[in-house]
Each structure stands twice: as C-alpha cells, then as structure tokens.
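Notes to accompany the following structure.
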Amino acid sequence: MSEKIEINDTGSSSGSVGVATAEEIRARNIKMWDQLVYILQKPFRDYGIYLAEFVGTFIFVFLGTCSIATTMLDPKFSDLVLLMISFAWGAGLSMGLYVSAGISGGHLNPAVLGGFSGAALTFYLFYAKIYQFDGGKRMVIGDKATAGIFATYPAAPDTVLRNFLTECLLTVVLVLVGRSFTDKRVNKTNSQGCMELGILLFVIALGAGNNTGFALNPARDFGPRLFTLAAGYGTQVFSASNYYFWIPIVGPIFGAIIGYLIYEVLVIPNKYIEQENVV
C-alpha cells in the first residue's frame, strides 16, 4: 500500500486539505527537476553534438593522463606502469564513447578543447606531486621530465620514419578491427562497440604502445600538448625528439585511412556490399 502524506495549502502536514501518495510527490519533484534541466539545457541545445564530443574527449584524456601521472609520480607503481597505463587508456576510451556515442557518434577526434581541458584537470589534481617530482621546473626530456604525463614522446631515440610507421600501423589495427565492432552490416546487435574498442586499445597499447606512447588519435595528443605549452613547459614540447609532435597527428590520420580501406575493400564480404546495391 502506498504511503500517504497529508498536505495543506501552506505545504505543511497539519490541517490537511488533500492527501498525496509518496509516489505522487516523487513524480512531482521529478517533473520540477526535469523542467529545471530543460531551462538549463536551452542555451546549449543547438550544440549538443559538439558538447558530447568535448565531454567524451575530456573523459578519455583525463582518465588516461591521470594513470600516467599516478604511475610516474608514485614509485610503488613502477612495476605496473605499462599495464596500468594501457588499461586506463582503454577503459577511458570506453567511458568517453559511452558518454558521447549516442549523441555525436563518439568520434573523440579531434576535439582539441576536450583534450586540453582533460590535461588541465589532471595537472591541477596532481600539481603538488608534479612540483615535488620536478621541483617546479617544467621539463620535457630528462630524468625529471613530466611533459610525458600529457603528450606522447618516443620511449627511445629513433628515426622519424620508424616513429611515424609505429603510430600509423598501430592506428591501422585500431581502425581495421574497430570498424568491425560498429559495422551494422556484420554486427546486428545494438552495441556501439564501446567496450570492445576500449579492450582493443588496451591490447594494442600493451603490445607495442610503449614505443611511441600510442597516441593513435590527434585529439589524444595535440590538446594536451598545447596545454603543456601553456603550463610552462616551453616550446620544447614541439621541438623535442626531432620535432616529434607532428607524428601523433599525421601518423594516425594515414593509419585510419589505410585501416578503413583494408576493412572495406578486403574484409567485408561481397554479400553485404550487394545488399547495399553498390555498383
């Protein structure tokens, strides 16, 4: 039986005029809340897809950079660095996709402002530990460098070509396999592939991501890199490792195109193409 509460015209429980059930009161409160949300949403309603991309990229970069900060600045995690960072970026990708996929498609690329903001929040939360680690001197390379918390840099000196191919080929795998998760021609479920893509990124990162930091997405790297410039790391964030900064931007673009074409041309069965009446 529903709980009944007596309410008078002044809103008190004495001197009752009518009787409302607890469910009715909850429904009324929910309606008031919905009306408030509707009013607050109004200025942003025309920008929903952009805001979804911003929030999704923010979550992705924030969770990932937090994992790097945690493992870099706390010695007790030194034996688990690659495992923790790989898992966090994979899970962060899934969370960012869950938030944005239903609204904007969950591209998370190249929402630079979202990446910048995610990196900025990480910097704020870990500021004391970063200061303790580097003594307040923001460094890009060296034993006390912390710029790698936010943007990617190669693990060891290597040629431009090999670094480029690493980012390109890892992105090929990401797009090639990831395309199958979201292709409705072969995947008839309602899943957006959010968790699968996160697991895929985790596997790629764990396997070969340590070589270049596995950006695999311009938004993951460029926004945080801009933040490090604003945070006082200097122009070395662009010039370090033989001007490496462009590789996490251009390499993944080429890799994404190649991975997509391999899937569409070589992987997808002809019967699905025929169903679309592709000539």
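The values are calculated or read from the model by the stated rules, or taken from the named source; none is laboratory data. Keep in mind that this is a model prediction, so the values were computed, not measured. Neighbour counts are summed over all protein chains in view; Cβ atoms, including those assigned to glycine, are modelled from backbone coordinates with ideal geometry.
So that you can scan it fast, the table gives a plain yes or no per residue for (1) of a type in the set (S, T, Y); (2) in the same structural domain as M139 (by TED's automatic domain parsing); (3) over 15 Å from D221 (Cα atoms):
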| residue | (1), (2), (3) |
| --- | --- |
| A27 | no, no, yes |
| M32 | no, no, yes |
| F60 | no, yes, no |
| K76 | no, yes, yes |
| V81 | no, yes, yes |
| A88 | no, yes, yes |
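The set of residues from region 25-83 being surrounded by 10 or more Cβ atoms within 10 Å (Cβ to Cβ) and of a type in the set (S, T, Y) comprises Y38, Y47, Y50, T57, T65, S67, T70, T71. Does R179 fit the bill of being under 18 Å from M84 (Cα atoms), of a type in the set (D, E, K, R), touching a residue at least 60 places away in the same chain (Cβ under 8 Å) and not in a loop (DSSP other than H, G, I, E, B)? Taking the combined requirement at face value, the residue does not satisfy it.
Any chance region 186-202 includes a residue that's under 23 Å from S67 (Cα atoms) and more than 21 Å from the chain's Cα centre (by Cα)? No, region 186-202 contains no residue that is under 23 Å from S67 (Cα atoms) and more than 21 Å from the chain's Cα centre (by Cα).
Checked against the criterion of being surrounded by fewer than 15 Cβ atoms within 10 Å (Cβ to Cβ), part of a helix (DSSP H, G or I) and either at negative phi or in contact (Cβ under 8 Å) with a residue 60 or more places away in the chain (or both), region 132-143 has at least one qualifying residue.
Picking from residues in region 92-113 that are closer than 15 Å to A215 by Cα and surrounded by 24 or more Cβ atoms within 10 Å (Cβ to Cβ), the one that is farthest from the chain's Cα centre (by Cα) is A111.
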